[in-house]
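Participant: One structure is given below, represented as structure tokens, and several questions about it will come after.
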Amino acid sequence: MIDAGCSLLSRRFESDLTRVVQRALNGNVEAMVVISSDIDKQEQVRTLVRQYPGALYACIGVHPDNVKKVNDKVFVTKTDQLRDAVRVHPPNHSASHSLSLSHRRVQLLEPEVVAVFAGLDYTRDFATRFPQEKVFTNMFELAIELDLPLVISSTEATEKVLEKLHEFGSSIRGAALYNFLGSPSDFQQFVDIAASVPLYFVVTGTHALAARCSVLSSYIHRSSS
């Protein structure tokens, strides 16, 4: 079992983080993906996961909560820092040229960075929708550039998220719907698009839990029959 989304940077874990991680491992959790949704905390997350090699991994990106802090200039600077930070230089540069583009990208990434986070939250201030959508698109582009899968949060934003999945579906390595708030019919659209886009489902949190579980359970039933 893998925990696909942990917020282990939360202050509530400061005093006993080691015990939290160990309890999870003792409970048959093979690995945990720490989501870094604040662009200012990317380095903190990567520092944390390095302390638990083989147990913790990092998901980097920008959460809708943080969009107001990310104007164009700041975003370009932070994204460049992030892109440079997660890359490592191969020991033999000449040998790397003989590898495929995909293999070179993987070789250039820190092994503990396993995904890029992208999210939209349309329950927030309407004025943030445009910057949210811009950052959301940029996260898709960053994931493609780094050849990493996406972890997606969709809060009352089904139409726009599906639009981006259709637009980039043939280029992304894969995507997991990590958090979802919407109607059963909204969730059904994600189930339907999974037939043509490499989309996976991580049922998490309490938002619209009944909606997600009812649609997902019927989908699982159809797939197994």
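The values are calculated or read from the model by the stated rules, or taken from the named source; none is laboratory data. Everything numeric in this text was worked out from a predicted model, so none of it was measured. For neighbour counting, all protein chains shown are included, and Cβ atoms are generated from backbone atoms with ideal geometry for every residue, glycine included.
Participant: Among the residues of region 169-200, write down those that are assigned to a helix (DSSP H, G or I) and either crowded, with 21+ Cβ neighbours inside 10 Å or in contact with a strand residue (DSSP E or B) (Cβ under 9 Å, 6 or more places away or on another chain) (or both). Talk me through it step by step, then tell me what you get.
Facilitator: From region 169-200, those assigned to a helix (DSSP H, G or I) are 184-193; that's our starting set.
Result: Asp186, Phe187, Phe190, Val191, Ile193.
Participant: Find the residue count for region 3-48, including only residues that are polar (S, T, N, Q) and closer than 16 Å to Gly61 by Cα.
Facilitator: The number of residues fulfilling the criteria is 6.
Participant: Just to be sure before I move on: is Leu120 under 18 Å from the mean Cα position of the chain (by Cα), surrounded by 22 or more Cβ atoms within 10 Å (Cβ to Cβ), part of a loop (DSSP other than H, G, I, E, B) and modelled with pLDDT of 85 or more in the structure I sent? Lay out the reasoning, then the answer.
Facilitator: Details: under 18 Å from the mean Cα position of the chain (by Cα): yes; surrounded by 22 or more Cβ atoms within 10 Å (Cβ to Cβ): yes; part of a loop (DSSP other than H, G, I, E, B): no; modelled with pLDDT of 85 or more: yes.
No.
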